[in-house]
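> One structure, pasted below without further comment.
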Amino acid sequence: MIETGAQPQGGKKVFVKTYGCQMNVYDSQRMTDALAADGYSATERMEEADLVLLNTCHIREKAAEKVYSELGRIREVKREREQAGGEMMIGIAGCVAQAEGREIIRRAPVVDLVIGPQTYHRLPQALRKVRAGEKVVETDYAVEDKFEHLPQPRRAEIARRGVTAFLSVQEGCDKFCTFCVVPYTRGSEVSRPVAQIVAEAERLAAAGVREITLLGQNVNAWHGEGPDGAEWGLGRLLFRLAEIPGVARLRYTTSHPRDMDDQLIAAHRDLAALMPYLHLPVQSGSDRILKAMNRRHKAADYFALIERIRSARPDIAMSGDFIVGFPGETDADFEATLDLVRAVRYAQAFSFKYSPRPGTPGAEMKGHLPEAVKDERLQRLQALLAEHQHDFTQSRAGMRFDVLIEKPGRRPGQKAGRSPWLQPVIVDETAGEIGDIVPVRIARVENSTLFGETA
Ligand code: 5AD
Ligand code: SF4
């Protein structure tokens with residue numbers, strides 16, 4: 001990995017707007033790091049930016065549309081800046097960039113640069129071409145390792161980002177669920193090597209990070225060769241990362257049910273630093289629909305897996321993703337999803353109406369459902385999920401557990417942290433410093449926020 005150490009020169013500013021998942025949040029940070037080496041500092045104000053970057057998401061329809069409407073707004077800001085004698089370059093990064101490529105510049109000529117998720121380490125070179133008057137489209141999959149070419153963030157920058165951090169360990173997906181665009185936009189599954197991940201985690205910890213969330217489109221498919229020469233899975237990697245001084249909490253997301261192996265389940269049983277929270281999307285509770293989605297597991301397999309995980313770690317909070325209205329979904333299929341939800345009782349969940357993605361097999365299937373049917377199903381599912389989520393939150397009242405203090409609270413006199421189950425917890429500011437892990441008793445629950453007093 002490249003060390004920069006250099007201070008930003010020239011006072012150029014970049015405004016980055018991030019859409020979509022945590023992976024994009026991480027990518028935006030790494031793009032910011034790459035640009036810091038090129039003299040850019042980040043700004044929260046688009047009006048003062050020399051470069052505006054939209055890091056986009058393509059998972060569902062509205063995301064791409066939002067980008068195009070945002071570009072309309074940016075065009076106005078750019079015009080005002082140019083009238084005042086300034087300049088503004090506009091770049092589109094992320095999955096919409098990868099999927100649409102040059103089409104973006106055709107539809108929105110104000111865009112100077114389109115750069116995919118596999119090539120953003122080339123951002124400084126691409127910007128040089130833009131400055132020379134070229135419109136640049138960089139969406140080929142790079143043969144070189146992006147992470148080897150990306151500068152590491154400065155220590156002060158890591159500290160500014162807070163005591164929790166994302167660390168991408170795996171990218172891409174080989175599962176080809178028939179609704180999903182990820183295997184096309186992010187490419188096939190790649191795991192980062194152990195040494196690279198450990199070095200990045202050590203650097204985060206040295207700058208004060210206490211909690212690391214490992215990221216990957218299919219994070220539990222991560223595998224690599226350990227220093228012992230043995231093949232490691234994610235469970236083994238988590239044990240290694242927990243040895244790093246300062247690292248107190250570990251999480252990972254997103255996982256596929258097929259890749260939950262015994263080693264990882266054992267980590268949930270034996271590794272205190274691994275937080276009792278698991279995002280394990282199932283998408284549907286109907287075997288017929290799971291098959292059409294190419295999920296390669298049945299509802300009963302999923303449920304049995306959760307039983308195994310829960311017997312290893314009884315207090316684990318389950319989280320999931322659901323799609324309603326996949327082509328051909330009948331009332332009975334949808335009822336099967338509700339049944340599965342009732343059986344699992346998720347602490348948190350994300351649910352979506354099926355959105356046909358061009359180029360995916362689902363988009364070509366027969367039996368697309370009317371919007372009204374999808375709307376009605378989504379409402380019913382969300383009402384049920386909200387009920388369970390509410391029950392889970394309420395069940396923390398009176399409990400004692402450790403809270404990682406993350407930031408000042410919204411109100412004076414308060415600090416905000418998180419429970420082991422990822423819930424926001426408000427404590428008195430005297431409870432501890434940011435980065436401390438303090439024992440707390442939950443005195444009351446208001447809406448979805450827990451209020452803790454020092455135990
Ligand atoms: N339509 C609706 N939801 C989708 N997801 C992925 N692709 C689609 C689609 N075409 C959802 C899945 C996935 C989450 C990240 O987004 O539930 O787990
Ligand atoms: Fe998409 Fe399925 Fe891969 Fe998840 S596992 S990224 S839903 S193809």
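> Of TYR346, TYR141, how do they rank once you tally other Cβ atoms within 10 Å and put the fewest first?
TYR141, TYR346
> Here is a follow-up. Ratio to report: Rg/Rh of the stretch 208-306, with Cα atoms as the point set and Rh obtained by the Kirkwood method; give two decimals.
Value, to two decimals: 1.02.
> Follow-up. For Cα pairs less than 8 Å apart in space and 6+ apart in sequence, what is the mean separation divided by the residue count of the chain, i.e. the relative contact order in percent?
Once normalised by length, the contact order is 10 percent.
> Need one number for the chain: average projected area of the convex hull over its C-alpha atoms, nm².
Computed as one quarter of the Cα hull surface, the answer is 22.5 nm².
> Could you pull out every whole DSSP H run in the chain that spans at least 24 Å of Cα extent along its own axis and averages 1.6 or higher on the Kyte-Doolittle scale?
none
> Could you compute the net charge surrounding TRP222? Neighbours are other residues with a C-beta less than 15 Å from the C-beta of TRP222; K and R count +1, D and E count -1.
Numbers: positive: LYS175, ARG186, ARG192, ARG236, ARG240, ARG251, ARG258; negative: GLU171, ASP174, GLU189, GLU200, GLU225, GLU231, ASP259, ASP261.
Once all neighbours under 15 Å are counted, the net charge is -1.
> Over the stretch 318-370, what lengths in whole Å, largest first, do the semi-axes of the equivalent ellipsoid take, defined as the square roots of 5 times the eigenvalues of the alpha-carbon gyration tensor?
Ellipsoid half-lengths, sorted descending, are 23, 14, 7 Å.
> For GLU202 and ALA142, what is the calculated FRET efficiency with R₀ set at 35 Å and r taken between the beta-carbons, to the nearest 0.05?
Result of the calculation: an efficiency of 0.85.
> Let me ask another. I want the local charge near PRO183. Using Cβ-Cβ distances under 9 Å, sum +1 for each Lys or Arg and -1 for each Asp or Glu among the other residues.
Taking every other residue near PRO183 into account, the sum is 0.
> Using modelled amide H (1.01 Å from N, peptide plane; none on Pro or chain starts), what sits under 5 Å from the amide H of GLN152, excluding residues fewer than 5 places away?
For GLN152, whose amide H was placed from the backbone, the distant partners under 5 Å are ILE2, THR4.
> Between ARG345 and GLN394, what is the label-point separation in nm under the 7 Å Cα-to-beta-carbon projection?
That separation, rounded to one decimal, is 1.2 nm.
> By how many nm would the segment from ASP436 to LYS407 lengthen if fully extended, with 0.36 nm per residue of separation less the alpha-carbon distance?
So the chain would gain 9.4 nm between ASP436 and LYS407.
> Distance from the Cα centre of the stretch 290-358 to that of the stretch 393-455, in angstrom?
Cα centroid to Cα centroid, the span is 30 Å.
> Using modelled amide H (1.01 Å from N, peptide plane; none on Pro or chain starts), what sits under 5 Å from the amide H of VAL111, excluding residues fewer than 5 places away?
none
> Tell me, which cysteines of the chain are without a disulfide-compatible partner by the Cβ under 4.7 Å rule?
Lacking a cysteine Cβ partner under 4.7 Å: CYS21, CYS57, CYS95, CYS173.
> Further question: Among HIS223, MET88, THR213, flag the residue with its Cα farthest along the positive direction of the charge dipole of the chain, charges on Cβ as +1 for Lys/Arg and -1 for Asp/Glu.
It is MET88.
> What relative contact order, as a whole-number percentage, does the stretch 283-442 give when Cα pairs under 8 Å and 6 or more residues apart are counted?
Value for the stretch 283-442: 18 percent.
> Another question about this same structure. Using r as the Cβ-Cβ distance of GLU243 and GLU87, and R0 as 60 Å, what FRET efficiency do you calculate, to the nearest 0.05?
0.80
> Run the simple label-point estimate for ASN294 and ALA230 please: 7 Å along Cα→C-beta, distance reported in nm.
So the two model labels end up 3.4 nm from each other.
> Quick one: if you stick a label point 7 Å off each Cα along the C-beta vector at ALA304 and ARG79, how many nm between them?
Here the modelled spin labels are 6.3 nm apart.
> Between THR454 and ALA156, what FRET efficiency follows from the Cβ-Cβ distance if R0 is 25 Å, with the result rounded to 0.05? Show your work: numbers first, answer last.
On the way: r = 30 Å, r/R0 = 1.21.
Plugging the Cβ-Cβ distance into 1/(1 + (r/R0)^6) gives 0.25.
> With N residues in the stretch 388-444, what two-decimal value do you get for its Cα radius of gyration over 2.2 N^0.38 Å?
That works out to 1.07 for the stretch 388-444.
> Tell me, HIS279, HIS368 in order of fewest to most beta-carbon neighbours within 10 Å? Intermediate values should be presented prior to the final figure.
Working: HIS279 20, HIS368 16.
By the 10 Å Cβ count, ascending, the order reads HIS368, HIS279.
> Let me ask something additional. What do you get for Rg/Rh of the stretch 369-417 when both radii come from the Cα atoms and Rh is the Kirkwood radius? Write out the running numbers ahead of the final one.
Values: Rg = 17.8 Å, Rh = 14.2 Å.
My calculation puts Rg/Rh at 1.26.
> Here is the link list: LYS66/LYS135; LYS175/LYS407; LYS17/LYS374. Which ones come out longer than 27 Å on Cα distance? Each step should come with its number before you reach the end.
Details: LYS66/LYS135 22 Å; LYS175/LYS407 38 Å; LYS17/LYS374 30 Å.
Result: LYS175/LYS407; LYS17/LYS374 exceed 27 Å.
> Taking a temperature of 20 °C and a viscosity of 1.002 mPa s, what whole-number D in µm²/s does Stokes-Einstein yield for the stretch 13-172 with Rh from Kirkwood over alpha carbon pairs?
Value of D from the Cα-based Kirkwood radius: 135 µm²/s.
> So what's the back-of-envelope 222 nm ellipticity for the chain, counting only DSSP H runs of four-plus at -39500 (n - 2.57) apiece and dividing by all residues, rounded to 500? Could the numbers behind the result be given before it?
Working: 16 runs with 167 residues, N = 455.
Per the formula, -11000 deg cm²/dmol.
> Stretch ALA363-ALA312 to full length: gain in nm at 0.36 nm per residue minus the Cα-Cα span?
Numbers: separation 51, 0.36 × 51 = 18.36 nm, distance 3.91 nm.
This chain segment gains 14.5 nm when fully extended.
> Given N residues in the stretch 153-254, what is its alpha carbon radius of gyration divided by 2.2 N^0.38 Å?
Here the Cα radius of gyration is 1.12 times the empirical estimate.
> When a footprinting reagent is the concern and you count Cβ atoms within 10 Å, what order do ASP112, ASP270, ASP33 take, fewest first?
Lowest to highest Cβ neighbour count: ASP270, ASP33, ASP112.
> Also, I was wondering about something else. Can you give the longest stretch of the chain with no exposed loop site, where a site means GluC sites (Glu not before Pro) in a DSSP loop (not H, G, I, E or B) with at most 13 other C-beta atoms within 10 Å?
Answer from the scan: 244-432.
> Over all distinct Cα pairs, what is the inverse of the mean 1/r for the stretch 276-407, reported as the Kirkwood hydrodynamic radius in Å? Kindly include the intermediate steps, with their values, before the conclusion.
On the way: mean 1/r = 0.0627 Å⁻¹.
Computed over Cα pairs of the stretch 276-407, the Kirkwood hydrodynamic radius comes out at 15.9 Å.
> If the chain between VAL373 and SER188 were fully stretched, how many nm would it gain, using 0.36 nm times the residue separation less the Cα-Cα distance?
Result: 63.2 nm gained on full extension.
> Further, regarding this structure: Report the net charge of residues surrounding PRO276, where surrounding means a beta-carbon distance below 11 angstrom and charges are Lys +1, Arg +1, Asp -1, Glu -1.
+4
Each value in this text was obtained by applying a stated rule to the coordinates, not by laboratory testing. Predicted, not measured: the structure shown is a model, and the values here were computed from it. Methodologically, a virtual Cβ is constructed for each residue, glycine included, from the backbone with ideal geometry; neighbour enumeration extends over all protein chains shown.
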